[in-house]
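Written out below as structure tokens is the structure these notes cover.
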Amino acid sequence: MSSLKEVASVHMVGIGGISMSGLAHILLSRGIEVTGSDRSASPLTRRLAKEGALIYIGHDEAHVQNPDWLVYSAAIPPGNPERRTALERGIPQMDRAALLGKIMMDFQDSVSISGSHGKTTTTALLSMLLEWGGLDPTILVGGELDDIGGNVKVGNSPILVTEACEYQGSFLRFPARIGVVLNIDLDHLDYFKDLADIQAVFHQFVRQLPENGLLVMTATDVNSLGLEKSAACPVTTLQIMDSYPGESPLVETQDRMDGKGQPEVLTRLTAHDLIPGPGGCWTFRLLQNQEDLGRFQLGIPGLHNVNNALAALAVALELGLPPEQLQLLLPRFKGIHRRFEHHGQWRGAMLIDDYAHHPAEITATLKASRTVLEEQNKVANPR
């Protein structure tokens, strides 16, 4: 069976994972029978059980009845008893990325948000701009988003927004029309050999975007230079023009050459005239090429989130939301759990929970924290 439309039942091994549970939710919404197993119960498995999934705790061959497909997460090895049983019975197996790819085939405007850092925040932000803008997207995000009551939301439009991870080349199985590359950095070195190996898989990701698609990429990311040359589709580049202490200087992408040796015009989305505001939330003026689209206000702190916002705005504009509406919607987004999540004060210290685990992410979180404190001091000690 190659099409999801032919499937009546799916068994999911590792169903409690953030991405696997989201996919299970989508399958249930389509009337597909879902069973699944995980090593322990969680709020995600309990939610699925309430929606009609049959959940097993622990892994056992008896859990595999006669599903049309068995889907497993990246954490499940071939020696897992349920995978072994499926192999013995000739039940088709696939990993999580393959299932997501099959789901995405049913959406005309599917969006894959990739990059070494910022995927979850950008996916959540874009999703809510589209949701509040009335476009009713299907959403798969790698974190808990209060605005949708979890990590997944099933919409009734041809739009799907998902994170797209480069690990093990997973995002190469996602047939997206719109691809976003926020940045490229050394990561997942248990799988990739080096930076060049990582860059190569991002070039593959860009090459598979269709001619009627769109590549959105950061022009200031040194490791992404030349990525636009791999795209057969239009390209929107993102850049923050204002210099900021400690930041790298602007690195321009080069226009691609068309078949006649003439440069193709790239759309440039630029943030300039940046001003930090209360809570460390920045405002900026937005230029689309030379057109001033107005001043935009973030609802989340951190200079790095200006670039994440540019990516979300680029896709939202592509999907038809007008700049005037986006100006009103952008500050409504207050973030996602474990992404600079504020938990109050303790003995005068600000308590922040953040998922940052890569040096670049930790640096961005620390910079955001300093900006928040600086703005608090300005309020407390006005000149």
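The values are calculated or read from the model by the stated rules, or taken from the named source; none is laboratory data. No experiment lies behind these values; they were computed from the predicted model shown. Glycine also receives a Cβ, built like all others from the backbone with ideal geometry; neighbour counts cover every protein chain displayed. Surface accessibility is based on the protein's heavy atoms, side chains included, excluding ligands, DNA and RNA. Shrake-Rupley method; radii C 1.70, N 1.55, O 1.52, S 1.80 Å.
Looking at the range 1-28, which of its residues are more than 22 Å from the chain's Cα centre (by Cα) and surrounded by 14 or more Cβ atoms within 10 Å (Cβ to Cβ)?
Quick first cut of the range 1-28, residues more than 22 Å from the chain's Cα centre (by Cα) only: 1-13, 28.
Hits for the range 1-28 are LEU4, VAL7, SER9, VAL10, HIS11, MET12, VAL13, LEU28.
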Restricting the range 171-197 to residues that are part of a helix (DSSP H, G or I) and open to solvent by 40 Å² or more (accessible area, probe 1.4 Å), the residue that is nearest to SER73 (Cα to Cα): ARG173
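What about PRO278, is it within 23 Å of the chain's Cα centre (by Cα) and either among the charged types (D, E, K, R) or open to solvent by 10 Å² or more (accessible area, probe 1.4 Å) (or both)? Don't jump to the end; show me each part of the working.
On the way: within 23 Å of the chain's Cα centre (by Cα): no; either among the charged types (D, E, K, R) or open to solvent by 10 Å² or more (accessible area, probe 1.4 Å) (or both): yes.
No; evaluated as a whole, the condition is false for this residue.
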Lone qualifier among LEU140, LEU130, LEU125 - being under 13 Å from GLY22 (Cβ atoms) and touching a residue at least 40 places away in the same chain (Cβ under 8 Å): LEU140
Spans of strands (runs of 3 or more DSSP E) in the range 1-107 with at least 3 residues closer than 21 Å to VAL152 by Cα and either modelled with pLDDT under 95 or in contact with a Pro (Cβ under 8 Å, 6 or more places away or on another chain) (or both): 9-13
Close pairs (7 angstrom Cβ cut-off, 6 or more residues apart or separate chains): of a type in the set (Gly, Ala, Ser) in the range 258-285, at pLDDT 90 or above and crowded, with 17+ Cβ neighbours inside 10 Å anywhere: ALA271/ILE240; ALA271/PHE284; ALA271/LEU286; ALA271/VAL306; ALA271/LEU310; GLY277/THR283
Residues that are among the hydroxyl-bearing types (Ser, Thr, Tyr) and more than 30 Å from GLY320 (Cα to Cα), drawn from the range 73-124: SER73, THR85
All positions within the range 149-203 that are in contact with a Phe, Trp or Tyr (Cβ under 6 Å, 6 or more places away or on another chain), at positive phi and in contact (Cβ under 8 Å) with a residue 60 or more places away in the chain: GLN168
Every residue from the range 85-100 that is in contact with a strand residue (DSSP E or B) (Cβ under 9 Å, 6 or more places away or on another chain) and open to solvent by less than 30 Å² (accessible area, probe 1.4 Å): THR85, ALA86, ILE91, MET94, ALA98, LEU99, LEU100
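Just checking: which of the strands (runs of 3 or more DSSP E) contained wholly in the range 113-170 hold 3 or more residues that are open to solvent by less than 30 Å² (accessible area, probe 1.4 Å) and either closer than 18 Å to ALA311 by Cα or at pLDDT 95 or above (or both)? So that I can check it myself, show each step before the final result.
Values: elements: 138-145, 150-153, 159-163.
Of the strands (runs of 3 or more DSSP E) lying wholly inside the range 113-170, those with at least 3 residues that are open to solvent by less than 30 Å² (accessible area, probe 1.4 Å) and either closer than 18 Å to ALA311 by Cα or at pLDDT 95 or above (or both) span 138-145, 159-163.
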Where GLU82 falls short, out of the listed (1) out of contact with any strand residue (DSSP E or B) (no Cβ under 7 Å at 6 or more places or on another chain); (2) open to solvent by less than 10 Å² (accessible area, probe 1.4 Å): (1)
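Those residues that are in contact (Cβ under 8 Å) with a residue 24 or more places away in the chain and out of contact with any Asp or Glu (no Cβ under 7 Å at 6 or more places or on another chain), I need them from the range 206-223; list them, please.
The initial filter retains those residues of the range 206-223 that are in contact (Cβ under 8 Å) with a residue 24 or more places away in the chain, namely 206-210, 212-223.
Selection gives VAL206, ARG207, GLN208, LEU209, PRO210, ASN212, GLY213, VAL216, THR218, THR220, ASP221, VAL222.
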Residues of the range 65-79 classified as in contact with a strand residue (DSSP E or B) (Cβ under 6 Å, 6 or more places away or on another chain) and crowded, with 17+ Cβ neighbours inside 10 Å, total: 6
